[in-house]
Amino acid sequence: MPCERKPMRYGHSEGHTEVCFDDTGRFIVTCGNDGDVRIWESLDDDDPKFITVGEKAYSLALKNGKLVTASSNNTVQIHTFPDGDPDGILTRFTTNATHVTFNSIGSRVAAGSSDFMVKVVEVSDSSQQKTLRGHEAPVLSVTFDPKDDFLASASCDGSVVVWNIEEQTQVISWPLLQKSNDVTNAKSLCRLAWQPGMGKFLAVPVETKVHLYERGSWDHVSTLSDDLLTQPINVVSWSPCGRFLAAGSVGGLLTVWDVNSKLCVERQKHEKGFTVCSLAWHPSGSQIAYTDTEGCLGLLDGLGTSTADKNTTKVAAKKPAKDYDDLFDDDDDRLMDEGLSDTKSPAKKAVGWDDDDDDFLVPATGRVKNRGAFLDDENSLDTGSLKLGQDKFGDNNDDAGSSVAPAAPPVAPLRPVYEGPMPTPPQKAFQPGSSPAHLTHRFMMWNFVGIVRGYNDEQDNAIDVEFHDTAVHHAMHLTNSLGHTMADLSQEGVLLACPSTEELASKLQCLHFSSWDTNKEWMVDLPKGEDARALCLGQGWAAVATSTLMIRLFSIGGVQRELFSLPGPVVCMAGHGEQLLVVYHRATGFDGEQALGVQLLQFSRKKRQLISGEPLPLSQKSYLSWLGFTAEGTPCYVDSNGMVRMLNRSLGNTWTPVCNTRETCKSKSDHYWVVGVHENPQQLRCIPCKGSRYPPTLPRPAVAILPFKLPLCQTTTEKGQMEEQFWRSVLFHNHYSFLSSSGYEIDEDAQNLSQKEQQELLMKMFALSCKLEREFRCVELAEMMTQNVVTLAIRYASRSRRMALAQRLSEIALEKSNQMQEEEQEEPEYSSTRRSSGYGHTNVMAGGRYSRRHNQQEEEEDEEERGEELMEEEDGQEMEPEEATETKKRVNPFAKEASSPIKPSPTPIGKMGRANPFKVPDSGKMSASSGQPRVTNILDNMMSSKKSAQLSSSGGKPSKSPVLKPLAPKPKTKTQSTLLQMAATKTANKKAQENTEPAANLQKRPDTPPPAPPADNSENKRPKTGFQLWLEENRKSILADNPDLEETDVIKEAMGRFRTLSTEERLSWTERAKGQSGDAADLKKRKRAEGGEGLENENEKAEADESSAKKKKSLDPSSKLSVFAFNQN
């Protein structure tokens, strides 16, 4: 077996170095002490590609395009090959792993570590792990039995152990080696090797010899030795055909034996005599690559391929078809493939039989079938098997093919082969906010309330509960004698559950720490054969989903409540307040998709199901990874692709994607582990996990905060940014209406702020569309605005010389005010009822509501002022200098006198605040995006002006009478306000000032006509509507017909009668009302011109001066808008 030793070449820095070939034999792959993996196209490759996997790389293995490395950060990680992209972490140890290896088909990886453990991990699902414990010192090497039943490992404790993988038990242990305390001090690395193919022999390097042990009987059957070997053998490796065994020794000797004859067929010496620490055969069996402890790479070329070839033909001729299996077992399939280039490509391999695994036939579907199923008797093979394996059979080995095909007896017609999509394995049930149950230290729950950690190692089995807010409860340490695997945590208690065992039932345990009696704990056994699969806690209740497709509800004190069945196996559950969210398998998914359904129930006084089994949308080929509620109670979930979706209650309970956590990940293998979602402020709270899906329990992981972003189109543009902010604001403030309809108190200031912010964004978009001359788009935006913001838009449009647009907007404004009036008339006016009952009563009734409405009006005045400043800026940009100064004069008075166009419109909102604070006219949306990056354009100063406006308004307001303000009959001024805004003639301006005259003045000026009861004073503040005039005149006749009617009923009756009038009659009443209000205003004007003698304190005097100054200014020539609006009227 003459072979050629190629000169060594430098590969890595000095230290332990490993080598292997890829499946095709095209590349040599090495790793070393510098933490790099290098991919060599040949020994002469001067610029090999490299992948950095850590500070040091201790071991590597490569199969099916997956490169597995053991690096110095105590992890075993996967990279794609040959691209080198990180593909996640397979497993972790407490110290570094020392050796990794694949099984024959590449589905599992075994790793030995310095922490004495051996782990066997499924490549496709790293949560499927088996841990083999028993070594008493660091593990030196591991190797799989080709049939995947056993695993052999060698350790520094001097033993070589064979393990049964499924049972995780030791089959046999041989004390063969010298003991040492660490891999670095071991005499030999003792790299074991199992014969490929049948796996008949296990080769163990012992001192200067190699012992062969027989599989099954575990007898020591023979020893391979050579007189020239004087130093310990470090590594052994089998040729792909299983006939030759190569060994590398500490002194640099390379030896190859023929196992059948036990003769040494090749000896080579390392050129510098360094220790050989790794060996790898080329898939063809013609080359051996080796590395030494100095980081150099060498190659032996031309190893007797001829011998191997002769051997194959001999075997084939000897027993042409006696036993088809034997043909393949004796000589690995690779030998038959040698002449066939395309079978070497990994893609084709899946079709035939896999490289080292002769007991399985892997059809195109990728599922393993037992080859025995195809064999009718030892000489025949049915055509299905021939067809599936034809890459390996007929095409390749005529000899074998011809001997088999004729022998196939006529079989029954073939069953049709299914070639459609394959079903996806359903994902297992899990607790959101927990890490996998197989970990010894894990998070059992991490949520808004606190963290539950589980420890299950040799020392103890315990659970630690820690609260974010120690005011809720102090931390707890519980011994986990029952073996609980699931947990949930709320402000009231901790809920735990354990699976059943052969002796014990599945148990549910609740530590009800908020109980006021002395018994803080209860426990329930589930019926026999029923296991807890998922659990959650709400406010005052607990729920557990079981293996019998049932959900059982309990009160927090332990009373059994309702139970109901689920349509499929549960995946997970979440609770919040009165809401329960359940996700389950509604069907089998195909091609990697999960088919999940979702139910949302509400346990308020009237229990109801809000979502009944709708499909749960997931990203393609992903599964559910977290489910829960925002702190405000909106359901949301995250899938394995990092997409966060939230329930949009205002759009028929649909799910809207609000964030993609993958966008912020640096590499493919990084993930974010979500622990909580907040809508106000908008925050996604999660833990960044580098190279894994779950965080380690120690050190305590830090929580990061990610922003939300709706995946709208073109969010890099100004328009896209504002649209995204607006719709996000709308979505994230839906919870206000849900909470108020569920009877909760809500933060009205925050809600008003959100509405204000939305309207501001609409106004900015409106201005942008105006600039871009998109007038149709402007009208669409105006449809979403509130009435007072439409007023701003009208002024903005007329300043921008867009009269056609302003005209259309005025129609929208009119429509909106009419709409609001109708809504108000449908809900009987409280204030009018109170009006008739005089001051004393009203004080009590209105006191509580005053502050809210007062705030709203202030806010809307602010909004108006902001709009004014915005327009001044616009004017500055668009008009000639003189005109600009003139406008400034004209506009500024508006800023204080803002009430004219705006005062009326808050009232409808205020009124609605009383009945249903969430019904926003027309736009129907409320929200505010807190802390969003503002878009830079002329509207930016809205924020700064808002502050100044609030200061100025708060200065002058306290003197207003808090009692009368909310009682003003709201609806009347709406239509008028819009007309006033459009026909800004002098009278209208004056009238507007009258309307905003502080209510205190009205009260304290006894000579204000007409001398009516106090309730009427409130009406002076705002003009009457036609309906009120009609009511005054017809009240007597209504009372005459129904003398015993209450005031409220009188109004209801009057409304009914007023509606029966013809449109013309109603219009005429409205006209008369307008006339009257004009006269009243004139009267007031005269009074006020006398100089405010009736004022009693300085505050009021100052206000009066201010208003007279305003009047003078507002008599300046009015804008083009007034002209066109006047003409229109």
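Do the conditions hold for residue 515, that is, is it at pLDDT below 90 and either hydrophobic (A, V, I, L, M, F, W, C) or closer than 27 Å to residue 468 by Cα (or both)?
yes
Name the residues in the range 222-251 that are open to solvent by 10 Å² or more (accessible area, probe 1.4 Å), out of contact with any Pro (no Cβ under 9 Å at 6 or more places or on another chain) and over 17 Å from residue 197 (Cα atoms), would you?
Selection gives 222, 223, 225, 226, 227, 228, 229, 230, 231.
Evaluate the range 184-203: report whether one residue or more is β-branched (Val, Ile, Thr) and buried (at least 18 other Cβ atoms within 10 Å of the Cβ). Before you say what the answer is, go through the steps one by one.
Pass one, the range 184-203, residues β-branched (Val, Ile, Thr): 184.
Within this subset, residues satisfying the condition of being buried (at least 18 other Cβ atoms within 10 Å of the Cβ) are none.
The answer is no; no qualifying residue exists.
Please state which one of 642, 633, 652, 628 is small (Gly, Ala, Ser) and without any contact (Cβ under 8 Å) to a residue 12 or more places away in the chain. Spell out the reasoning first.
On the way: 642 fails: without any contact (Cβ under 8 Å) to a residue 12 or more places away in the chain; 633 fails: without any contact (Cβ under 8 Å) to a residue 12 or more places away in the chain; 628 fails: without any contact (Cβ under 8 Å) to a residue 12 or more places away in the chain.
Just a single option satisfies the conditions, and that option is 652.
Any idea how many residues of the range 745-800 are among the acidic types (Asp, Glu), part of a helix (DSSP H, G or I) and either at pLDDT 95 or above or within 35 Å of the chain's Cα centre (by Cα) (or both)?
6
From 150, 244, grab the single residue that is among the aromatic types (Phe, Trp, Tyr) and within 44 Å of the chain's Cα centre (by Cα). Explain how you work it out, then say what you get.
On the way: 244 fails: within 44 Å of the chain's Cα centre (by Cα).
Criteria check complete, one pass: 150.
Within the group 87, 45, which residue is without any contact (Cβ under 8 Å) to a residue 40 or more places away in the chain and either within 36 Å of the chain's Cα centre (by Cα) or on the phi < 0 side of the Ramachandran plot (or both)?
The match here is 45.
Do we have residue 729 as modelled with pLDDT under 90 and not β-branched (Val, Ile, Thr) here?
Values: modelled with pLDDT under 90: no; not β-branched (Val, Ile, Thr): yes.
The answer is no for residue 729.
Scan the range 4-34 for residues that are over 21 Å from residue 275 (Cβ atoms) and in contact with a Ser or Thr (Cβ under 8 Å, 6 or more places away or on another chain) and jot them down.
Of everything in the range 4-34, those that are over 21 Å from residue 275 (Cβ atoms) and in contact with a Ser or Thr (Cβ under 8 Å, 6 or more places away or on another chain) turn out to be 24, 25.
Hand me the list of strands (runs of 3 or more DSSP E) wholly inside the range 126-188 holding 2 or more residues that are in contact (Cβ under 8 Å) with a residue 40 or more places away in the chain and of a type in the set (A, V, I, L, M, F, W, C).
Here the list reads 139-144, 150-155, 159-164, 169-175.
In the range 18-35, what count of residues is obtained for those that are buried (at least 20 other Cβ atoms within 10 Å of the Cβ) and either part of a strand (DSSP E or B) or hydroxyl-bearing (Ser, Thr, Tyr) (or both)?
The number of residues fulfilling the criteria is 8.
I'd like to check something: does the range 1-15 contain any residue that is free of Cβ contacts under 8 Å to residues at least 24 places away in the same chain and open to solvent by 10 Å² or more (accessible area, probe 1.4 Å)?
Looking for residues that are free of Cβ contacts under 8 Å to residues at least 24 places away in the same chain and open to solvent by 10 Å² or more (accessible area, probe 1.4 Å), one finds none in the range 1-15, hence no.
Is it fair to say residue 731 is assigned to a strand (DSSP E or B), of a type in the set (A, V, I, L, M) and open to solvent by less than 40 Å² (accessible area, probe 1.4 Å)?
Numbers: assigned to a strand (DSSP E or B): no; of a type in the set (A, V, I, L, M): yes; open to solvent by less than 40 Å² (accessible area, probe 1.4 Å): yes.
In short, no.
Can you tell me how many residues in the range 692-716 are among the hydroxyl-bearing types (Ser, Thr, Tyr) and at positive phi?
0
Sort out which residues of the range 763-783 are free of Cβ contacts under 8 Å to residues at least 40 places away in the same chain and out of contact with any Lys or Arg (no Cβ under 7 Å at 6 or more places or on another chain), and write them in order of number.
Hits for the range 763-783 are 766, 771, 772, 773, 774, 776, 777, 778, 780, 781, 782.
What residue, among those in the range 658-669 that are open to solvent by less than 40 Å² (accessible area, probe 1.4 Å) and in contact (Cβ under 8 Å) with a residue 40 or more places away in the chain, is nearest to residue 702 (Cα to Cα)?
Restricting to residues being open to solvent by less than 40 Å² (accessible area, probe 1.4 Å) and in contact (Cβ under 8 Å) with a residue 40 or more places away in the chain, the top hit is 661.
Just one of 647, 618 is out of contact with any helix residue (DSSP H, G or I) (no Cβ under 9 Å at 6 or more places or on another chain), at pLDDT 90 or above and either in a strand (DSSP E or B) or crowded, with 20+ Cβ neighbours inside 10 Å (or both); which is it?
Every option except 618 fails the conditions.
Assigned to a helix (DSSP H, G or I), under 28 Å from residue 578 (Cβ atoms) and open to solvent by less than 10 Å² (accessible area, probe 1.4 Å), is that true of residue 740?
no
Quick check on my filter: what residues within the range 438-459 are open to solvent by 70 Å² or more (accessible area, probe 1.4 Å) and farther than 23 Å from residue 576 by Cβ?
Applying the first criterion (open to solvent by 70 Å² or more (accessible area, probe 1.4 Å)) to the range 438-459 yields 438, 448, 456, 458-459.
Across the range 438-459, the qualifying residues are 438, 456, 458, 459.
For the range 172-211, enumerate the residues that are on the phi < 0 side of the Ramachandran plot and of a type in the set (Gly, Ala, Ser).
Of the range 172-211, the ones on the phi < 0 side of the Ramachandran plot are 172-189, 191-196, 198, 200-206, 208-211.
Listed by number, the residues that qualify are 173, 180, 186, 188, 193, 203.
How many residues are without any contact (Cβ under 8 Å) to a residue 40 or more places away in the chain and not in a loop (DSSP other than H, G, I, E, B) if we restrict to the range 703-725?
Looking only at that region, the number is 4.
The values are calculated or read from the model by the stated rules, or taken from the named source; none is laboratory data. This one's a predicted model, so the numbers in the text were calculated from it and none came from an experiment. Here Cβ is always computed from backbone atoms with ideal geometry, including for glycine, and neighbour counts include all displayed protein chains. Side chains included, ligands, DNA and RNA excluded: accessible areas come from the protein's heavy atoms. Shrake-Rupley method; radii C 1.70, N 1.55, O 1.52, S 1.80 Å.
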